[in-house]
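One structure is given below, encoded as structure tokens.
The values are calculated or read from the model by the stated rules, or taken from the named source; none is laboratory data. Remember, it's a predicted structure, so these values are computed and weren't measured experimentally. Because the Cβ atoms are built from the backbone with ideal geometry, glycine has one as well, and the counts that use them run over all protein chains shown. When the accessible area is computed, the model is the full protein with side chains, heavy atoms only, and any ligands, DNA or RNA have been set aside. Shrake-Rupley method; radii C 1.70, N 1.55, O 1.52, S 1.80 Å.
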Amino acid sequence: MSWRPTYRSSKFRNVYGKVGNREHCFDGVPITKNVHDNHFCAVNSTFLAVVTESAGGGSFIVIPVSQVGRLDSHYPKVCGHQGNVLDIKWNPFFENIIASCSEDTSVRVWEIPEGGLRRNMTEAVLELYGHSRRVGVIEWHPTSSAILFSAGYDYKVLIWNLEIGEPVKMIDCHTDVILSMSFNTDGSLLATSCKDKKLRVIEPRSGAVLQQASCKNHRVNRVVFLGNMKRLLTTGFSRWNTRQIALWDQEDLSMPIIEEDIDGLSGLLFPFYDADTHMLYLAGKGDGNIRYFEITTEKPFLQYLMEFRSPTPQKGLGVMPKHGLDVGACEVYRFYKLVTLKGLIEPISMIVPRRSDTYQEDLYPMTAGTEPALSASEWLSGINKDPVLMSLKEGYQRPNQLVFKAPVKEKKSVVVNGIDLLENVPPRTENELLRMFFRQQDELRRLKEELTTKDVRIRQLELELNNLKNVICLSFSMCTINRLK
């Protein structure tokens, strides 16, 4: 991509990245070495969650954001999964509710106690089983607090209603592994990227594919909705294996609006979009830099601004929600960068340089708040609502203290699209699958031997019965002859 200097007026032209001092970092964190293409990190205004390296199952730690410094080597973990944790996401409306998915085929919802963990947590509020293979991606619905989406390696997307703790819809239109999911502002549309090189826009409640693009020249890896602009942005690779981004019209995916080559590196490009400032951040896995752009509705559509550079490579990045930013310092975005080699998590603040100390109205418009616009039943019935907005001017104050209530689940069948997902709970790991296979083979062999033995016994009993009948008939005949004499 040619970075020709342009002189388009923009208030974000001089945005710069500021790395937190060592005392503001989290040190001694055993960050996972898993090579799955996810961030392994989730942040909200209260907690920082990071997937950790562990033996005998999957785990992640939850640290209060204010508890910076070196982490105790015996710090408690959330360790209920029996396989590696692949993705974690905080509920946008409950600060202490986090969802996780794993190689053990389960999705679990956890309730973190106030102040953080004091001991290892093994019991989840909800354990959700429905996928037949490992679950790689989870996403919360942007306007309903009790709707969770999960995408597994069985090529299916399940929609979970957490008010009843069950899946209510299965989207089965993909032919390979789903790589990423993204919602539009009101959650009425779902965009997915898939390993089958196709980009899809789906109506999630019906499962209908509204638009589909076969990306032959641009191999899509990640997709993100650009707010209310009716645009999609994807990152991937060109046919010459250069990293590339593409901009799409969500109502016409026949061909991209623009395609831009970024560089020739091999790491996956993660896109982050800020709908309030219309800024796009591109961070490469294994890179140390973060490029940022401004998105417009008119040509050239994508305006390069600047690049944050660092010599330390990033494993993944967590993003602080808007209500957790430092408004007084004109902070418009904040990353939490995972540095695996150092066991370090460092905050990176994106700051607009302003001399005035007053509240900058143009930098902080009304933004999506922490109050859900819909209940799960309302959304499932077909209602769409935009997010409930909040102002950051007076500082963040939660409008009402909602309480997450987990349903009491009973043992029963769960039928989605005519398929009973809980008729037989699937094996949770590949080793468990092999063990189950060999156990079933032994059971089949034992049953066949038992059946053969019973067949022989049945034939023996039939012969004995025939002999007994013959003896009875003979005795009866002899008695009759003697009576006649």
Review point. Checking PRO387 against (1) closer than 30 Å to GLY207 by Cβ; (2) open to solvent by less than 60 Å² (accessible area, probe 1.4 Å); (3) not in a loop (DSSP other than H, G, I, E, B); (4) not hydroxyl-bearing (Ser, Thr, Tyr), which single condition isn't satisfied?
Key: (3)
Exercise for review: Could you please let me know if THR340 is assigned by the TED database to the domain that holds TRP140 and either in contact (Cβ under 8 Å) with a residue 40 or more places away in the chain or within 29 Å of GLU53 (Cβ to Cβ) (or both)?
Suggested key: yes
Review point. How many residues, within the stretch 262-271, are open to solvent by less than 60 Å² (accessible area, probe 1.4 Å) and more than 19 Å from MET350 (Cα to Cα)?
Key: 4
Exercise for review: Tell me which of these SER145 doesn't satisfy, since it passes every other one: (1) more than 30 Å from MET390 (Cβ to Cβ); (2) open to solvent by 10 Å² or more (accessible area, probe 1.4 Å); (3) among the hydroxyl-bearing types (Ser, Thr, Tyr).
Suggested key: (1)
Practice item. With the condition kept exactly as written, say whether any residue in the stretch 198-215 is surrounded by 19 or more Cβ atoms within 10 Å (Cβ to Cβ), within 18 Å of the chain's Cα centre (by Cα) and assigned to a loop (DSSP other than H, G, I, E, B). Key: yes
Practice item. May I ask you to list the residues in the stretch 462-471 that are of a type in the set (A, V, I, L, M) and open to solvent by 100 Å² or more (accessible area, probe 1.4 Å)? Key: LEU463
Practice item. Take the stretch 182-196 and flag every residue that is surrounded by fewer than 18 Cβ atoms within 10 Å (Cβ to Cβ) and in contact with a Ser or Thr (Cβ under 8 Å, 6 or more places away or on another chain). Key: ASP196
Practice item. For the stretch 55-79, name all the residues that are touching a Cys at 6+ places or on another chain (Cβ under 7 Å) and open to solvent by 20 Å² or more (accessible area, probe 1.4 Å). Key: VAL68
Exercise for review: Please state which one of THR6, THR52 is under 19 Å from the mean Cα position of the chain (by Cα) and either open to solvent by less than 20 Å² (accessible area, probe 1.4 Å) or modelled with pLDDT under 90 (or both).
Suggested key: THR52
Check your understanding: Got at least one residue in the stretch 72-82 being under 30 Å from LEU392 (Cα atoms) and modelled with pLDDT of 90 or more?
Key -> no
**Study point:** Residues (of a type in the set (Asp, Glu) and more than 23 Å from the chain's Cα centre (by Cα)) located in the stretch 266-322
**Key:** ASP276, GLU294, GLU298, GLU307
Review point. Within the stretch 272-281, can one find any residue that is among the small types (Gly, Ala, Ser) and either in contact with a strand residue (DSSP E or B) (Cβ under 6 Å, 6 or more places away or on another chain) or loosely packed, with under 15 Cβ neighbours inside 10 Å (or both)?
Key: no
Check your understanding: Before we move on, is PRO30 assigned by the TED database to the domain that holds SER145, within 19 Å of LYS315 (Cβ to Cβ), open to solvent by 30 Å² or more (accessible area, probe 1.4 Å) and touching a strand residue (DSSP E or B) at 6+ places or on another chain (Cβ under 7 Å)?
Key -> yes
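This table checks each residue for (1) buried (at least 18 other Cβ atoms within 10 Å of the Cβ); (2) free of Cβ contacts under 8 Å to residues at least 40 places away in the same chain; (3) out of contact with any strand residue (DSSP E or B) (no Cβ under 6 Å at 6 or more places or on another chain); (4) not β-branched (Val, Ile, Thr).
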{"position": "GLU95", "(1), (2), (3), (4)": "yes, no, yes, yes"}
{"position": "GLU103", "(1), (2), (3), (4)": "yes, no, yes, yes"}
{"position": "ARG118", "(1), (2), (3), (4)": "no, no, yes, yes"}
{"position": "LEU128", "(1), (2), (3), (4)": "yes, yes, no, yes"}
{"position": "ARG134", "(1), (2), (3), (4)": "yes, no, yes, yes"}
{"position": "PHE149", "(1), (2), (3), (4)": "yes, no, no, yes"}
{"position": "TRP160", "(1), (2), (3), (4)": "yes, no, no, yes"}
{"position": "GLU166", "(1), (2), (3), (4)": "yes, no, yes, yes"}
{"position": "SER180", "(1), (2), (3), (4)": "yes, no, no, yes"}
Practice item. Would you be able to say whether some residue in the stretch 188-201 is closer than 19 Å to LYS299 by Cβ and either without any contact (Cβ under 8 Å) to a residue 60 or more places away in the chain or of a type outside the set (Phe, Trp, Tyr) (or both)? Key: no
Point to revise | Members of the stretch 218-251 that are touching a residue at least 40 places away in the same chain (Cβ under 8 Å) and open to solvent by 50 Å² or more (accessible area, probe 1.4 Å) | key: ASN228, GLU251
Check your understanding: Checking HIS36 against (1) under 14 Å from the mean Cα position of the chain (by Cα); (2) crowded, with 23+ Cβ neighbours inside 10 Å; (3) at pLDDT below 90, which test does it fail?
Key -> (2)
